[in-house]
1. Once the dipole of the range 1-144 is set up with Lys and Arg at +1 and Asp and Glu at -1 on Cβ about the Cα centre, which of 74, 121, 41 lies farthest towards its positive end?
2. In vacuo Debye scattering of the range 2-156, one point per C-alpha: log10 I(q)/I(0) at q = 0.13, 0.17 Å⁻¹?
3. Full extension from residue 135 to residue 25: what is 0.36 nm times the residue separation minus their Cα-Cα distance, to one decimal in nm?
4. Per DSSP helix of 4 or more residues, -39500 (n - 2.57); summed, then divided by the residues of the chain. What does that give at 222 nm, rounded to the nearest 500?
5. Let me spell out the model: positive unit charges on the Cβ of Lys and Arg, negative unit charges on the Cβ of Asp and Glu, origin at the Cα centre of the chain. What dipole size does that give, in debye rounded to 20?
6. Check residue 53: other-chain or 5+ apart residues with amide H under 5 Å from its amide H, H built from backbone geometry?
7. Full extension from residue 35 to residue 12: what is 0.36 nm times the residue separation minus their Cα-Cα distance, to one decimal in nm?
8. Within 10 Å of each residue's Cβ, count the other Cβ atoms and sort 67, 72 from fewest upward.
Amino acid sequence: MPLAADLSWIENTSAVRFIATTPLVYPLLSAFHLFGIALVFGSIVPVDLRLLRVVGPQFDRALPSLIHIALIGFALAASSGILLASVQIGVYVKKPVFLAKLLILLLAGVSALLLRLHSGTRGIAGMVGRPAGRIAAIVSLSLWTAAVLAGRWIAFS
C-alpha cells in the first residue's frame, strides 16, 4: 500500500523511537488515551441524553461545562492517539478498521459542529426536545460508540 510506505518514515523519527523504546512511555500514553476517551464519552453521553429528554432540565446549566470537558478529552485522546499510532503507522494505515475509526471521528466532529452552528444563540440547551437536537443526539451517541468499538477492534484486527 503506497500510503503505508509514504508514512513509514514517521516510525523512524527520534520522538517515535523514544515512545517505542523507553519503558513506561507507551503504556502512559495509552492510559492518557483511555482517560481522554473517558472524558469525551462521559461528557457527551449526558449532553445527548439531555437532548433526547432522557434526563431533566437540571442538566441545562451543566451543558456548556460538559461540552468543554468533552473538548479537553478529545484533545487528549487525539494527541495521545496520534502518538500511539505513530509507533506502527505503516501497519495501522493498512487496517480498514483504523481508517474507519478516523472517518467515524471526522463524522462525529462534523456532527458536533453542525449542532453547534444550528443551535446558534439558543445554545445547546435550546435544542432540547427539538427534532434537530434529537437527531444530533442519536447520531452523536451512535458515532462515539462506533469510535470506541472501532478503537478496540483495531487491536484485534
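1. Checked the options; the winner is 121.
2. -0.66, -0.96
3. That pair, residue 135 and residue 25, stretches by 35.6 nm at full extension.
4. -25500 deg cm²/dmol
5. It works out to roughly 420 debye.
6. When sequence neighbours closer than 5 places are left aside, the close amide H contacts are 129.
7. That works out to 5.6 nm of additional length.
8. Listing 67, 72 from fewest to most nearby Cβ atoms yields 72, 67.
The numbers here are math on the coordinates, done by the rules we state, and not lab data. Computed from a predicted structure; not experimentally measured. Counting neighbours? That spans all protein chains shown, and the Cβs are built from the backbone with ideal geometry, glycine included.
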